[in-house]
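The structure appears below as structure tokens.
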Amino acid sequence: MTVFGSCNMDLVAYAATAPGRGETVHGKAFHTVPGGKGANQAIAAARAEANTRFVGAVGTDRFGEQIRGTLHEAGVDTSGLRTVEGNSGTAHIVVDDEGDNSIVVVAGANAEVDHVDETARELIASSSCLLMQLETPLEGVEAAARTAAAHGVRVILTPAPAEPLPTSLLSTVNLLVPNEHEAAVLTGEREPEPALEALLDSVEEVVITLGKRGVLYGNRSGQRLRVPAFAVHAVDTTAAGDTFVGAFGAALARDKPVETALREGSAAAAVSIQRKGASSSMPTEREIREFLDE
Ligand code: ADP
């Protein structure tokens with residue numbers, strides 16, 4: 001599969017409280033970790049053993065090399081990851097003692113993921129599916145979806161961050177995977193069941209992720225499924241949705257039935273949230289299998 005989208009370096013500082021305007025506070029700890037929804041989804045898919053390619057951009061700074069290295073180590077093909085002059089995308093995150101976040105995201109190189117070049121076209125055209133999010137410019141997402149549609153490649157979109165989507169884009173998406181909040185923004189429906197029905201007016205298949213309440217699936221043939229979440233002790237739910245969709249897409253890319261893909265995605269998310277970290281906590285195919293006791 002090909003994942004098209006964003007990658008960042010997350011710069012994470014821990015402090016008792018986040019600074020107010022004009023204020024400086026002492027922090028307790030700091031770390032950097034590659035992130036961004038696109039990179040996270042690609043790493044989740046590659047760990048779940050899909051043949052995964054990533055299309056995106058990093059800058060000429062040191063973060064760019066580190067992001068590329070992390071994707072490569074996870075087994076992601078980075079031949080579609082361009083290096084463009086300037087900074088890589090960064091997310092400046094302060095985590096306070098309550099576990100709440102304040103985040104400044106600077107797009108950097110992600111702003112240049114606004115088209116499909118020849119390398120990207122070849123990667124997308126030869127994939128079983130294309131997985132995307134909305135952290136890069138909409139023109140690029142639309143161009144990638146059109147390329148996939150022209151080659152009969154299944155398009156999966158995570159509509160995050162939530163924003164109203166043009167019908168031209170929705171008409172090229174096969175499978176939409178919003179969380180509960182995103183489904184509500186797209187449809188105006190607060191409850192997942194009516195939101196699912198409303199979304200099926202625009203796309204063939206929909207998965208709404210419901211956090212610890214699992215996932216809801218529906219398609220235009222009238223099939224409806226609810227897969228409960230696994231009962232686990234959540235330590236860090238960062239990127240639960242990206243882990244779910246990466247492993248779910250990996251299973252679909254390997255021609256598994258949708259019920260199996262939903263179960264494997266839920267298992268991957270359940271394993272990852274029991275450990276601290278985002279991409280570093282995503283399980284391998286073997287760990288998913290062990291968790292499912294298969
Ligand atoms: P997002 O991270 O995009 O907001 P969700 O919170 O809906 O996405 O989580 C995605 C999936 O991860 C859920 O559908 C579920 O399978 C799994 N998950 C999330 N939180 C929990 C939890 N507390 N316990 C078990 N599984 C969870």
For this session: Residue by residue through region 190-223, note down the ones that are within 10 Å of the ligand (Cβ to nearest atom), aliphatic (A, V, I, L, M) and free of Cβ contacts under 8 Å to residues at least 40 places away in the same chain.
Result: Ile208, Leu210, Leu216
Exercise. In region 230-239, how many residues are surrounded by 14 or more Cβ atoms within 10 Å (Cβ to Cβ) and either polar (S, T, N, Q) or more than 7 Å from the ligand (Cβ to nearest atom) (or both)?
Worked result: 3
Problem set entry | Among the candidates Val215, Val258, Val227, residue that is buried (at least 24 other Cβ atoms within 10 Å of the Cβ), among the hydrophobic types (A, V, I, L, M, F, W, C) and more than 17 Å from Glu49 (Cβ to Cβ) | Val215
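Quick grid of which residues meet (1) over 28 Å from Ala250 (Cβ atoms); (2) part of a loop (DSSP other than H, G, I, E, B); (3) of a type outside the set (S, T, N, Q):
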position	(1), (2), (3)
Ala57	no, no, yes
Gln66	no, no, no
Leu71	no, no, yes
Leu81	no, no, yes
Ala109	no, no, yes
His115	no, yes, yes
Arg121	no, no, yes
Exercise. Do we find a residue being of a type in the set (Ser, Thr, Tyr) and over 28 Å from Val105 (Cβ atoms) anywhere in region 219-233?
Worked result: yes
Seminar exercise, completed: Taking first residues from region 174-189 that are in a helix (DSSP H, G or I) and second residues anywhere that are of a type in the set (A, V, I, L, M, F, W, C) and within 12 Å of the ligand (Cβ to nearest atom), the pairs with Cβ under 8 Å that are 6 or more apart or on different chains are Glu180/Ile208; Glu180/Leu210; His181/Ala162; Glu182/Ala160; Glu182/Ala162; Ala183/Ile208; Val185/Ala162; Leu186/Ala162
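Residue-wise test of (1) surrounded by 15 or more Cβ atoms within 10 Å (Cβ to Cβ); (2) more than 18 Å from the chain's Cα centre (by Cα); (3) free of Cβ contacts under 8 Å to residues at least 24 places away in the same chain.
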position: Arg62; (1), (2), (3): no, yes, yes
position: Arg68; (1), (2), (3): yes, no, yes
position: Thr78; (1), (2), (3): yes, no, no
position: Gly89; (1), (2), (3): yes, no, no
position: Val113; (1), (2), (3): yes, no, no
position: Ile124; (1), (2), (3): yes, no, no
position: Gln133; (1), (2), (3): yes, no, no
Exercise. Restricting region 168-189 to residues that are under 21 Å from Gly152 (Cβ atoms) and polar (S, T, N, Q), which is nearest to the ligand (Cβ to nearest atom)?
Worked result: Asn174
For this session: Could you check, for region 268-280, whether at least one of its residues is modelled with pLDDT of 95 or more, touching a strand residue (DSSP E or B) at 6+ places or on another chain (Cβ under 6 Å) and at negative phi?
Result: no
Exercise. Under 6 Å by Cβ, and 6 or more places apart or on different chains, what pairs join a residue from region 224-239 that is within 16 Å of Gly265 (Cα to Cα) and among the hydroxyl-bearing types (Ser, Thr, Tyr) with one that is more than 7 Å from the ligand (Cβ to nearest atom) and assigned to a loop (DSSP other than H, G, I, E, B)?
Worked result: Thr238/Ala278
Exercise. How about region 179-218: which of its residues are under 21 Å from Thr260 (Cβ atoms) and acidic (Asp, Glu)?
Worked result: Glu204, Glu205
Exercise. What residue, of Gly22, Gly35, is without any contact (Cβ under 8 Å) to a residue 60 or more places away in the chain and farther than 19 Å from Ala144 by Cα?
Worked result: Gly22
Seminar exercise, completed: Among the residues of region 144-156, the number that are buried (at least 20 other Cβ atoms within 10 Å of the Cβ) and either more than 26 Å from Arg213 (Cβ to Cβ) or within 13 Å of the ligand (Cβ to nearest atom) (or both) is 7
Seminar exercise, completed: For region 273-294, the count of residues that are touching a residue at least 60 places away in the same chain (Cβ under 8 Å) and under 19 Å from the mean Cα position of the chain (by Cα) equals 9
For this session: Filter region 251-276 down to the residues that are more than 19 Å from Val155 (Cβ to Cβ) and touching a Gly at 6+ places or on another chain (Cβ under 8 Å), then identify the one that is farthest from the ligand (Cβ to nearest atom).
Result: Ala268
Problem set entry | Number of the exception - Phe248 against (1) closer than 21 Å to Ala48 by Cα; (2) touching a Gly at 6+ places or on another chain (Cβ under 6 Å); (3) away from the ligand (no atom under 13 Å from the Cβ) | (3)
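The values are calculated or read from the model by the stated rules, or taken from the named source; none is laboratory data. What you see is a predicted model, and the numbers here were worked out from it, not measured in a lab. Note that we place each Cβ from the backbone using ideal geometry, even for glycine, and neighbour counts take in every protein chain shown.
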